[in-house]
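Chemist: Sharing a structure with you now.
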Amino acid sequence: MIEVRNVSKSYHRDSLLVPVLNNISITVPDGEFLAMMGPSGSGKTTLLNLIAGIDRPDEGSISVNGTEIATLSESALAQWRSNNVGFIFQFYNLLPVLTAFENVELPLLLTKLSRRERREHVEASLAMVGLADRMKHYPKQLSGGQEQRVAIARALVTDPTVLVADEPTGDLDRVSAGEVMTLLDRLNKEFKKTIVMVTHDPRAAEKAHKVMHLDKGELT
């Protein structure tokens, strides 16, 4: 599903060139649940962003489901992201003025689906995360764990090829974090979703099939 080959990435900080990733190669099979761990600044989120097509490598190639994404134009890359990647963030990124239903529907507004088809997709996604009875609630009326489940439903609603999760339990208490990880485990096992997750939480990483450690931009 994902092939990262000899990828390096650096960023400019004033006049300095700061290396973040150094000649990274990984393979993620279809249906894999991969966790990436490592200290802050080790390059985990940078690698996640490269796989998701948010950023581009300086060197090397990245192939996702047969598409070489590093060579796509900006417009083609944006279209590829909307069709293939579901994003789950630490702080949910829900719009407070929209209901749970409306937040989940947002990615579908860019598609050619009819209003009825959008409703069917949204209701199915919210049911999948156990929030069918909360679709008319606003984020402030939900717990942190429920907000994250709405965010997961939004990531799922376009039926993406890959789910990328950046510290999905980082802002949650232990019970809510456990519920979210149980949900991700179910999405992987029952619905065969390929998941790449960055986490500092060893309990979250236990749900993954494979744990990869990054340190100073290199696999350890």
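Chemist: In sequence order, what are the phi-derived ³J(HN,Hα) couplings for the range 201-218 according to the Karplus relation 6.51 cos²θ - 1.76 cosθ + 1.60 with θ = phi - 60°, rounded to whole Hz, with x for glycine and proline?
Modeler: Residue by residue, the range 201-218 yields 8, x, 5, 5, 5, 4, 6, 6, 6, 9, 10, 10, 10, 10, 8, 6, x, 10 Hz.
Chemist: Moving on. Antiparallel versus total DSSP beta bridges in the chain: what percent is that, nearest 5?
Modeler: 50 percent
Chemist: Okay, moving on. Counting Lys and Arg as +1 and Asp and Glu as -1, what is the net charge of the other residues whose Cβ lies under 13 Å from the Cβ of GLY66?
Modeler: Spelling it out: positives minus negatives among the neighbours equals -3.
Chemist: Check MET197: other-chain or 5+ apart residues with amide H under 5 Å from its amide H, H built from backbone geometry?
Modeler: Distant-sequence amide H within range of MET197: LEU34, ALA35, MET36, ALA165.
Chemist: Restricting to DSSP loop positions (anything but H, G, I, E, B) with no more than 11 other Cβ atoms inside 10 Å of their own Cβ, which trypsin sites (Lys or Arg not before Pro) remain in the range 80-115?
Modeler: Filter output for the range 80-115: LYS112.
Chemist: Now for a separate question. Report the local net charge at GLU102: Lys and Arg +1, Asp and Glu -1, summed over other residues whose C-beta lies under 12 Å from its C-beta.
Modeler: +3
Chemist: How high is the FRET efficiency between GLU123 and SER40 when r is their beta carbon distance and R₀ equals 41 Å, given to the nearest 0.05?
Modeler: Efficiency, from the Cβ-Cβ distance: 0.60.
Chemist: If you plug each phi of the range 106-112 into the Karplus form 6.51 cos²θ - 1.76 cosθ + 1.60 with θ = phi - 60°, what whole-Hz ³J(HN,Hα) values come out, in order, with x for Gly and Pro?
Modeler: These are the phi-based 3J(HN,Hα) values: 3, x, 7, 5, 8, 9, 9 Hz.
Chemist: Ok, one more. Mind putting a number on the dipole of the range 41-150 about its Cα centre? Charges go on the C-beta only, +1 for Lys and Arg and -1 for Asp and Glu, and I need it in Debye to the nearest 20.
Modeler: 440 debye
Chemist: So, in nm, how far is label VAL18 from label ASP215 when the simple model puts each one 7 Å beyond its Cα toward the Cβ?
Modeler: Each label point lies 7 Å from its Cα, and together they span 2.1 nm.
Chemist: Kindly express, to the nearest 10 degrees and within the range 0 to 90, the angle between helix 115-128's C-alpha long axis and the longest C-alpha principal axis of the chain.
Modeler: Around 80 degrees separate the two axes.
Chemist: Please report the relative contact order for the range 129-188, taking Cα pairs under 8 Å with a sequence separation of at least 6, and give it as a percent rounded to a whole number.
Modeler: 36 percent
Chemist: Classify the range 1-118 as rounded, prolate or oblate from the Cα gyration tensor: take a ≥ b ≥ c as the square roots of its eigenvalues, call it rounded if a/c is under 1.5, otherwise prolate when a/b beats b/c and oblate if not.
Modeler: Taking the square roots of the gyration eigenvalues as a ≥ b ≥ c, the range 1-118 is prolate.
Chemist: Now for a separate question. Can you tell which of TYR138, TYR92, TYR11 shows the greatest fluctuation in a Gaussian network model of the chain with Cα springs below 10 Å?
Modeler: Looking only at TYR138, TYR92, TYR11, the largest GNM fluctuation is found for TYR11.
Chemist: Take the chain, connect every pair of alpha-carbon atoms lying under 10 Å apart with a spring to form a Gaussian network, then pick out the residue of GLN148, GLN79, GLN90 with the largest mean-square fluctuation.
Modeler: Result: GLN79 has the largest fluctuation of those listed.
Chemist: Could you check which residue among ALA78, ALA205, ALA52 shows the biggest mean-square fluctuation in a GNM of the chain with a 10 Å Cα cutoff?
Modeler: ALA78
Chemist: Then there's this: Taking +1 at the Cβ of each Lys and Arg and -1 at the Cβ of each Asp and Glu, which of SER61, THR71, ILE24 sits farthest along the dipole of the range 1-87 towards its positive end, judged by Cα position relative to the Cα centre?
Modeler: ILE24
Chemist: For the chain, what's the relative contact order in percent, using C-alpha pairs closer than 8 Å and at least 6 residues apart?
Modeler: Relative contact order, the chain: 30 percent.
Chemist: What are the ³J(HN,Hα) values, in whole Hz, obtained from phi via the Karplus relation 6.51 cos²θ - 1.76 cosθ + 1.60 with θ = phi - 60°, for each residue of the range 168-173 in sequence order, with x given for Gly and Pro?
Modeler: Rounded to whole hertz, the list is x, 10, x, 10, 10, 6.
Chemist: For the chain, what ratio Rg/Rh do Cα atoms give with a Kirkwood hydrodynamic radius?
Modeler: Rounded to two decimals, Rg/Rh equals 0.97.
Chemist: Can you give me the C-alpha center-to-center distance between the range 19-73 and the range 146-220, rounded to a whole angstrom?
Modeler: If we compute the Cα centre of each part, the gap is 16 Å.
Each value in this text was obtained by applying a stated rule to the coordinates, not by laboratory testing. In this text, all values refer to a predicted model and were calculated from it rather than measured experimentally. When we count neighbours, we look across all protein chains shown, and the Cβ atoms used for this are built from the backbone with ideal geometry, even at glycine.
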